[in-house]
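Here is the structure we will look at.
The values are calculated or read from the model by the stated rules, or taken from the named source; none is laboratory data. Keep in mind the model is a prediction, meaning the values are calculated, not measured. All Cβ positions, glycine included, derive from the backbone under ideal geometry; neighbour counts span all protein chains shown. The accessibility values were calculated without ligands, DNA or RNA, using every heavy atom of the protein model including side chains. Shrake-Rupley method; radii C 1.70, N 1.55, O 1.52, S 1.80 Å.
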Amino acid sequence: YCRAGSSISSEIFDIDDRAVFWYEPLDAFYFTKTGYYGRKDQKVLMLHNETDFRSTESWEYTEITEFFKRLYTCRLSGLPPEFLAHRFLKHSSALQDYYHCYQHLSPDSITNDLDRCREHLQDVCGKSVHVSLENNCLDHMETLHNAKVLTGTQRGHYLENYLSTSEMDKARRHQVLRHLVNYRNCLDKLEDITDTCLYKAEQACHDRQFRAIKVVRMTMELVSAVLSSVPDLTVIMFIRDPRAMAYSRAGKRKEEYDILNNLRLTCKKLEVDFKELRAINEAHPGSVAVVKYENFVEAPNLWTTKMYQHFGYSTPRDLDQFIRTHMFSGEDDGKKWGNIRQNATELANRWLHLVSPGLMSKMQDQCSDIITMLGYDLF
């Protein structure tokens, strides 16, 4: 869940030299499939509009399951360049040789290359997955990936024939065709780099004992589908008081409407996810461990031990140092998404002193059942 402490807790897997850590791969996955170009947060992936979640489509179950199986088994060859050139790969310590290889060969950087390609789709797809799907970008992106094997005029004719069956007028078809051709040509340049460097990522992946993936852009229904296909998968479901998550997500201005809307969406997702969790526990007993962020920051050594015991490993050798330098460092790094905290325990509970009694009452009126179900106190 976004703003539930998942970044700082998952970074423990990144410092573990036995693990390959994949940071938020679903952003790249959904861009590969739908061409959306919005902000990289869970709202643009999961919402139908500002107030409702979109329904998960059948292709998501099969495609995400296959995608995760490839990551867990280190079958990286053939993964799309939108993933292999994604900026989030730089967050993985195990993939630094691959990252530096890419940086050395790129005229710019892994941070900017894919964004430059994405610009060609801004007038074609949308700022969210829902809008991109409405704009037929699921078909557009599949066609673009099929066009990889074609060059020059063949590629142009292939894409032109594809668009000829659309309901666009001639001027719009010509405009979309130009954008799609430019995007595919841009991908070719990225793929030249990723193909050259990929062996470094595959080697790093195979050399490590286990793979860890951090996601906040996923429903428990999708988790269930992956569990059914990856039998040795274990899941850590990291949660936080939904009032704290909603308050943190509301941005600097902390408008009451934003806080309450975030809370409503958070509690709705928690309700659906925990209903699915009960089904998962029946089908895959012992596969999911639920950890509260508040407990984790209060006793990080204890709860890291519990998390690692859940999948049968000892804790990382650098855990104590990580706790000192990242959770109780004496100063914050000053970044909204940063992982260095002066005092993680104090920060986790700071929202309690910032929410007015009136707003707290409205929050609890909206979400009291979920708050109490999770074992949090009402005030």
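Brief remarks follow.
- Pairs meeting the criteria (first residue in the range 180-198 and over 16 Å from D123 (Cα atoms), second residue among the aliphatic types (A, V, I, L, M) and loosely packed, with under 14 Cβ neighbours inside 10 Å, beta carbons under 6 Å, at least 6 apart or on different chains) are I193/L105.
- Scanning the range 351-379 for residues that are in a helix (DSSP H, G or I) and farther than 28 Å from R278 by Cα yields W351, L352, H353, P357, G358, L359, M360, S361, K362.
- Positions within the range 204-246 being closer than 21 Å to C267 by Cα and aromatic (F, W, Y), in sequence order: F238
- The lone exception for L79 - which of (1) open to solvent by less than 70 Å² (accessible area, probe 1.4 Å); (2) in a loop (DSSP other than H, G, I, E, B); (3) within 27 Å of I15 (Cα to Cα); (4) in contact (Cβ under 8 Å) with a residue 60 or more places away in the chain it fails: (4)
- Residue that is surrounded by the fewest Cβ atoms within 10 Å (Cβ to Cβ), among those in the range 84-118 that are touching a helix residue (DSSP H, G or I) at 6+ places or on another chain (Cβ under 7 Å) and among the acidic types (D, E): D97
- Cross-chain or 6+ apart pairs with Cβ under 8 Å, the range 366-379 first and closer than 14 Å to T266 by Cβ, then of a type in the set (V, I, T) and open to solvent by less than 30 Å² (accessible area, probe 1.4 Å): C367/T266; L374/I239
- Members of the range 119-144 found to be more than 19 Å from R173 (Cα to Cα) and either open to solvent by 20 Å² or more (accessible area, probe 1.4 Å) or of a type outside the set (V, I, T) (or both), listed by number: K127, S128, H130
- Some residue of the range 193-209 being polar (S, T, N, Q), modelled with pLDDT under 95 and under 26 Å from T62 (Cβ atoms): no
Here is a yes/no grid of residues against (1) touching a strand residue (DSSP E or B) at 6+ places or on another chain (Cβ under 8 Å); (2) at pLDDT 90 or above:
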| residue | (1), (2) |
| --- | --- |
| G334 | no, no |
| T345 | no, yes |
| L352 | no, yes |
| M363 | no, yes |
| Q366 | no, yes |
| L374 | yes, yes |
| F379 | no, yes |
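- Residues of the range 120-178 that are of a type in the set (V, I, T) and over 24 Å from the mean Cα position of the chain (by Cα): T143, V149, T151, T153, T165, V176.
- Residue selected from the range 147-177 under the condition exposed (fewer than 14 other Cβ atoms within 10 Å of the Cβ) and in contact with a helix residue (DSSP H, G or I) (Cβ under 8 Å, 6 or more places away or on another chain), by the criterion modelled with the highest pLDDT: S164
- Filter result for I239 (open to solvent by less than 10 Å² (accessible area, probe 1.4 Å) and out of contact with any Cys (no Cβ under 8 Å at 6 or more places or on another chain)): yes
- Considering each residue of the range 97-117 in turn, at least one proves to be at pLDDT below 95, aliphatic (A, V, I, L, M) and closer than 22 Å to N146 by Cβ.
- Within the range 51-76, being assigned to a loop (DSSP other than H, G, I, E, B) and open to solvent by 10 Å² or more (accessible area, probe 1.4 Å) holds for T51, D52, R54, S55, T56, E57, T73, R75.
- The range 1-23, subset part of a helix (DSSP H, G or I) and hydroxyl-bearing (S, T, Y), residue farthest from R350 (Cα to Cα): S10
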